[in-house]
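Engineer: One structure, as structure tokens, below. Some questions next.
The values are calculated or read from the model by the stated rules, or taken from the named source; none is laboratory data. Predicted model only: the values in this text are computed from it and were never measured. Here Cβ is always computed from backbone atoms with ideal geometry, including for glycine, and neighbour counts include all displayed protein chains.
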Amino acid sequence: MTPSEPVPPQGSGTGEVTATVIVNAPAERVFAAFLAWERQGEWIPLTKVRIVEGDGGEGSLIEAITAAGPAQLRDEMRVERIDAPYELRVMHCGKILRGPGVLRCTPMAGGRTQVVWHEWFQLPAGAAGKVIWPVLWPGSKTAFKQTLRRFARLVEAGSLP
């Protein structure tokens, strides 16, 4: 791990998910689409996102609520670093989801961009969380990958940002 990478949460019960996609669009456009916080519901299923504090830049507090029927998950994140058009770092700081996340955009030949979405979560429920994580992880990785593919299609079609 290089000094520029976020440090995963310490202690037991840490879950990690990474997904990667190639977007047929320049890094500047891809990165701008990530920063369109309140439009993230267009590519993250069942989710509404809003800026709670700030202007969406560094120091801002972002809230994402994912709801399926009566079940609801509230994810609060603080924007820690924006290095446009290359890297966006957040810290999940809610009651359930806690830990760092990073989105990286790497420009490629032909105006394409490689996107890497990496999240570390401090798992709730102690030992039970550690036992359940291996069961949830494959689904989480699949969901992250599908979400990034949806994001890529919207950016490539010019619908985002």
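Engineer: For the stretch 73-103: of the residues being free of Cβ contacts under 8 Å to residues at least 40 places away in the same chain and in a loop (DSSP other than H, G, I, E, B), which is surrounded by the most Cβ atoms within 10 Å (Cβ to Cβ)?
Structural biologist: My answer is 97.
Engineer: Within the stretch 109-124, work out how many residues are of a type in the set (A, V, I, L, M) and modelled with pLDDT under 95.
Structural biologist: So the answer is 1.
Engineer: Right, another one. Considering each residue of the stretch 35-71, count those that are under 23 Å from residue 141 (Cβ atoms) and either of a type in the set (Asp, Glu) or at pLDDT below 95 (or both), and give that number. Spell out how you get there, then give the answer.
Structural biologist: Initial filter on the stretch 35-71 (under 23 Å from residue 141 (Cβ atoms)): 40-47, 49, 62, 64-68, 71.
Still in the running and either of a type in the set (Asp, Glu) or at pLDDT below 95 (or both): 40-47, 64-68, 71.
Within the stretch 35-71, residues that are under 23 Å from residue 141 (Cβ atoms) and either of a type in the set (Asp, Glu) or at pLDDT below 95 (or both) number 14.
Engineer: Need pairs with beta-carbon distance below 7 Å; first residue of a type in the set (D, E, K, R) and within the stretch 49-63, second surrounded by 13 or more Cβ atoms within 10 Å (Cβ to Cβ) and not in a strand (DSSP E or B); sequence gap 6+ or separate chains.
Structural biologist: Short answer, once both residue conditions are applied: 53/60.
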